[in-house]
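Where a number appears in this text, it was derived from the coordinates with a stated rule and is not lab data. These numbers come from a predicted model, not from an experiment. When we count neighbours, we look across all protein chains shown, and the Cβ atoms used for this are built from the backbone with ideal geometry, even at glycine.
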Amino acid sequence: MKHIRNFCIIAHIDHGKSTLADRLLEHTKTIGSRDMMNQVLDDMDLEREKGITIKSKAIQMDYVINGQQYTLNLIDTPGHVDFSYEVSRALAACEGALLLVDASQGIQAQTISNLYLAIGNDLEIIPVINKIDMDGAMIPEVKDQIIELIGCKDEDILLASGKSGIGIEEILQAVVARIPAPEGNAEAPLEALLFDSVFNSFRGIIAYFRIYNGTIRKGDKVRFLATGAEYEAAEIGVLKLGLEPRKEVKAGDVGYIITGIKTAKDVKVGDTITIASNPGNAIQGFEEVKPMVFAGIFPVVTEDFEELRDCMEKLQLNDASLTYEIETSQALGFGFRCGFLGLLHMEIIQERLEREFNQTVITTVPNVSFIAYTTRDEKIIVNNPAEMPDPVKIDRVEEPFIRAQIITLPEYIGNIMTLCLGKRGILLNQSYLTPTRVELIFEMPLTEIVFDFYDKLKSNTRGYASFDYTPIGYREADIAKMDILLNGDKVDALSALIHRSRAQDFGRKLCEKLKELLPRQQFMIAIQAAVGAKVLARETISAMRKDVTAKCYGGDISRKRKLLEKQKEGKKRMRQIGNVEIPQEAFLAVLKLD
Ligand code: GTP
């Protein structure tokens, strides 16, 4: 155990994490230059090609210094606030972190939020100024920023370039010298933290763990403490470029387990793995990650529903934080109401359905989960506007609140205040972390964050703000269901749940946006936004003028073929509702309102 080091790399996006990781793998000959592809830890396609997990989330390097061999486990972390629980579990599997800062950019928002997560997990921080080969490198300035932020000494800061390979050996030496070896007792009952899992179509679910105490052996009957599921360890091992089976993996080390588990629900990030016959204790409080945002996912072509169902099942094996159940919409037919960790997660799922599973889908207006209490004191969880009871039957509605932490530069405080207060935020605290870094704490309704908060925050601070949030429970709110009518017909898939004070403005903007997004037809289209029977806004799309060229189209075969091809290609993300065609953008128009 003395010769193991577990560490991760944390950085603001694009500060060169993947490139540096590649250099470390190359330098330790973990990957021969023949296998070397740029950004090995990143590539999902490659992963599937090889039928193993290279995206791997963890990779083991052998490193020899002064005649002594060390095992270095590099653990990869996701980089977005949606996944902060997973980031913190990955960090919990390490004793140290390389804090990477781009020499030409200096400290940026995510540098700070990631640093805080690392400090929160008691990690030893090794600051590295990266990309020093660049013309714009500002080494002395960035050094000062780092010293101010973490209070280290000048000589603690390493200089590197992942691109030209400068400083790689020094980084490896620092990992060995400065990051503490893991502690733990290999003879004690097994306590292993499950920090990530992936689904592999050949092998089933592969779970990654870090052992705190005990030893896991092939063939052991293991138990997942939080879920209570028990399985036999069909294969265990360590992670090199691929999976390397071992007979046992001991305290301090990082490894994987394959058990033939086919239910993603049994394997949850943050759970503790132990031996069923001699169980240890849970390593830390296990937190069930709850979906925060819900939206419908529908096939573009109704007949593809079964196929989509199949894909959803597979996708969930790969991503246990995705939840779904069947939903029926008058407008869109059969589909799924899905629960996501956040909007980015929603985008990722949609993209994976399209890229990995070849599905063309429509995603509907996202919403948070409300609680409605009826006058008969029933409690109804509302994950879908359609589930909101009739207003006359509602006693009260509650909405989820969050505590938002925003870190920014002093010059953006005004913009952020305007933004957050406009979103029903309540300022709790404002404090200076350093003379040039301010932290603002707000309480805000989650629903206001869901729509476009993150984009607005970025544009109002020129990208110079980091944002993180934690749920703090439910509060009463005046929530209304807004319906959209096209030529008098309600389109359920366009309904949204919003705060009543915003309904008028929201309805007007949404109608304007839909007017922009809906293609013109041969007839006029009336777009109306209504709460109950009350119409709040209306726009009209005038009819298209008769297209004279349309008449030419008769027997001309090449034109006909073109049209057919167009239709074929046109599993376009477009749905015909009544006689109006609605493109995907229109379903998500609420996300783009100014
Ligand atoms: P994300 O995975 O998107 O968070 O980015 P990352 O932090 O992994 O950064 P990545 O390694 O993808 O590098 C971002 C960009 O910076 C790429 O265009 C790299 O080619 C470039 N880059 C990375 N390291 C260096 C370096 O040391 N010097 C120079 N000049 N460019 C670098």
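Below is a table of values for the structure above.
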item	result
Amide N proximity, the range 328-365 versus residue 309 label position 7 Å along Cα-to-Cβ, cut-off under 18 Å	328-330, 332-339, 359-362
Under the Karplus curve 6.51 cos²θ - 1.76 cosθ + 1.60, θ = phi - 60°, whole-Hz ³J(HN,Hα) for the range 204-213, x wherever Gly or Pro sits	x, 7, 10, 9, 9, 9, 10, 8, 8, 9
Net charge over other residues, Cβ less than 11 angstrom from the Cβ of residue 337 (K, R count +1; D, E count -1)	-3
FRET efficiency, residue 202 to residue 164 (Cβ-Cβ, R0 25 Å, nearest 0.05)	0.05
Inter-centroid distance (Cα atoms) of the range 57-131 relative to the range 150-174, Å	13
Residue-count net charge about residue 151 - beta-carbon cut-off 15 Å; Lys, Arg +1, Asp, Glu -1	-3
Selection from 386, 404, 438 lying farthest towards where the dipole of the range 371-477 points positive, charges on Cβ	438
Neighbourhood net charge (12 Å Cβ-Cβ; Lys/Arg +1, Asp/Glu -1) for residue 476	-2
Two-site FRET efficiency, residue 354 against residue 521, from Cβ-Cβ distance with R₀ of 35 Å, rounded to 0.05	0.80
Label zone at residue 455 (point 7 Å along Cα-to-Cβ), backbone N below 17 Å, the range 509-535	509-518
Per-residue HN-Hα couplings for the range 465-481 [Karplus 6.51, -1.76, 1.60; θ = phi - 60°; Hz; x = Gly/Pro]	8, 9, 9, 9, 8, 10, x, 10, x, 9, 9, 5, 8, 8, 9, 10, 9
Calculated FRET efficiency for the pair residue 66/residue 379, C-beta based, R₀ 60 Å, to 0.05	0.40
Fewest-first sequence of 306, 327 by Cβ atoms within 10 Å of each Cβ	306, 327
Highest-first arrangement of 93-101, 314-322, 209-217, where packing means the average Cβ count within 10 Å	93-101, 209-217, 314-322
Least to most buried among 70, 464, 231 (fewest other Cβ within 10 Å first)	464, 70, 231
Length added when fully stretched, residue 593-residue 538, from 0.36 nm per residue minus Cα-Cα	18.2 nm
Proxy reagent accessibility, fewest Cβ within 10 Å first, across 102, 452	452, 102
Inter-label distance for residue 141 and residue 176, nm, one decimal - labels placed 7 Å from Cα along Cα-to-Cβ	3.6
Karplus (6.51, -1.76, 1.60) ³J(HN,Hα), θ = phi - 60°, over the range 95-104, in Hz, Gly and Pro reported as x	9, x, 9, 8, 9, 9, 10, 5, 4, 8
Inter-part distance where the range 226-248 and the range 265-344 are each reduced to a Cα centre, Å	23
Point-charge dipole on Cβ atoms (K/R +1, D/E -1) for the chain, about Cα centre, debye to 20	1800
Normalised per residue, the volume of the convex hull around the Cα set of the chain (Å³)	189
Potential extension, residue 427-residue 344 segment - 0.36 nm per residue separation minus Cα distance	27.3 nm
